[in-house]
Amino acid sequence: MSFSPAVVSAVRAETDNSRTLTLDVDGWPGHLAGQHVDIRLTAEDGYTAVRSYSIASSADSKALEVTVDKLVDGEVSPYLVDGADVGDRLEVRGPAGGWFVWPGTDDRPVQLIGGGSGIVPLMAMIRSHGDAGSTAPFRLLYSVRSPTSALYFAELMRRAVDDEHLRVDFAFTRETPPDWPTPPHRLTRDTLEESVYPPEDMAEFFICGSTPFVESVANWLVDAGHPPERIKTERFGGIGVSP
């Protein structure tokens, strides 16, 4: 795949350190929920930097949206979060990835588990599920520090109310919303099993987050009796390679 020119058509703040960019790409072919794109920036001296970002928009949407979490020492994310504006131009390659995707045609139960910004590809699946009117049972378990650091918090709460086939659970590790029924806590083997489908439901699992988070959760699921072939994982923070 080659890079294509893209124009920033809209920006939206998600948290203090992240925002969503809508990109217009000529000839955009569409995508599957869970895929990602490479974004390339080129400096005036010709230096290029490439990073991969999960697509946040629904597969039923013609828009290409990426949500970027700023890394303090990053080469690309600080510009995308703090500097990019409507009308700015960059380059996009993709969509890519065929393993960590929800095709939208399966009615089996789906369990999504996200840590921090690992929610992004899972949000694309949730949006695709809702936009398609799917009746597949969907659950999300989202581990995040606090409501203010949670991506899409208001939308997730709304979708959980509006969509009878979607259940959303949060594991706030440092701070909860007012009157939240449980105190802050980290995911453990026991709390995980209380919040996901049991093995007999034969759910498809999608886990995304940091490498330690993903490996711990995947191992707990296998230990609990979930078939490894039904557990798909994705680690965020991958670095693209300039051609």
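Going by the conditions given, is Ile55 buried (at least 21 other Cβ atoms within 10 Å of the Cβ), more than 29 Å from Glu204 (Cα to Cα) and not assigned by TED's automatic domain parsing to the domain that holds Gly133?
Answer is no for this residue.
So if I check each of Asp45, Asp85, Asp60, which one is outside any strand (DSSP E or B) and without any contact (Cβ under 8 Å) to a residue 12 or more places away in the chain?
Within the list Asp45, Asp85, Asp60, the selection yields Asp45.
Conditions tested, residue by residue: (1) of a type in the set (A, V, I, L, M); (2) buried (at least 16 other Cβ atoms within 10 Å of the Cβ); (3) assigned to a loop (DSSP other than H, G, I, E, B); (4) not assigned by TED's automatic domain parsing to the domain that holds Asp69.
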{"position": "Arg159", "(1), (2), (3), (4)": "no, yes, no, yes"}
{"position": "Arg167", "(1), (2), (3), (4)": "no, no, no, yes"}
{"position": "Asp179", "(1), (2), (3), (4)": "no, no, yes, yes"}
{"position": "Cys208", "(1), (2), (3), (4)": "no, yes, no, yes"}
{"position": "Val222", "(1), (2), (3), (4)": "yes, no, no, yes"}
{"position": "Gly225", "(1), (2), (3), (4)": "no, no, yes, yes"}
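Which count do you get for residues in segment 93-148 that are of a type in the set (Asp, Glu) and outside any loop (DSSP other than H, G, I, E, B)? Show your work before the answer.
Of segment 93-148, the ones of a type in the set (Asp, Glu) are 106-107, 131.
Subset that is outside any loop (DSSP other than H, G, I, E, B): 131.
Number satisfying all stated conditions: 1.
Collect the residues in segment 147-157 that are buried (at least 16 other Cβ atoms within 10 Å of the Cβ) and either in contact (Cβ under 8 Å) with a residue 12 or more places away in the chain or among the basic types (Lys, Arg) (or both), keeping them in residue-number order.
Pro147, Ser149, Ala150, Leu151, Tyr152, Leu156
Give Ala33, Ala59, Ala13 a once-over and let me know the one that is under 28 Å from Pro147 (Cβ atoms), in contact with a Phe, Trp or Tyr (Cβ under 6 Å, 6 or more places away or on another chain) and of a type in the set (A, V, I, L, M).
Result of the check over Ala33, Ala59, Ala13: Ala33.
Collect the residues in segment 118-138 that are surrounded by fewer than 20 Cβ atoms within 10 Å (Cβ to Cβ) and more than 30 Å from Gly27 (Cα to Cα), keeping them in residue-number order.
Scanning segment 118-138 gives Thr135, Ala136, Pro137.
Would it be correct to say that Phe170 is touching a Phe, Trp or Tyr at 6+ places or on another chain (Cβ under 6 Å) and more than 19 Å from Lys232 (Cβ to Cβ)? Break it down into steps so the answer makes sense when it comes.
On the way: touching a Phe, Trp or Tyr at 6+ places or on another chain (Cβ under 6 Å): yes; more than 19 Å from Lys232 (Cβ to Cβ): yes.
Considered against the rule, which asks whether it is touching a Phe, Trp or Tyr at 6+ places or on another chain (Cβ under 6 Å) and more than 19 Å from Lys232 (Cβ to Cβ), Phe170 comes out as yes.
Given (1) farther than 28 Å from Val196 by Cβ; (2) crowded, with 19+ Cβ neighbours inside 10 Å, identify the lone condition not met by Gly115.
So the condition that Gly115 fails would be (1).
With the checklist (1) touching a Cys at 6+ places or on another chain (Cβ under 9 Å); (2) of a type in the set (A, V, I, L, M, F, W, C); (3) surrounded by fewer than 12 Cβ atoms within 10 Å (Cβ to Cβ) in hand, flag the one item Phe236 doesn't pass.
(3) is the only condition that Phe236 fails.
The values are calculated or read from the model by the stated rules, or taken from the named source; none is laboratory data. What you are looking at is a predicted structure, and each value in this text was computed from that prediction instead of being measured. Cβ atoms come from the backbone with ideal geometry, glycine included; neighbour counts cover every protein chain shown.
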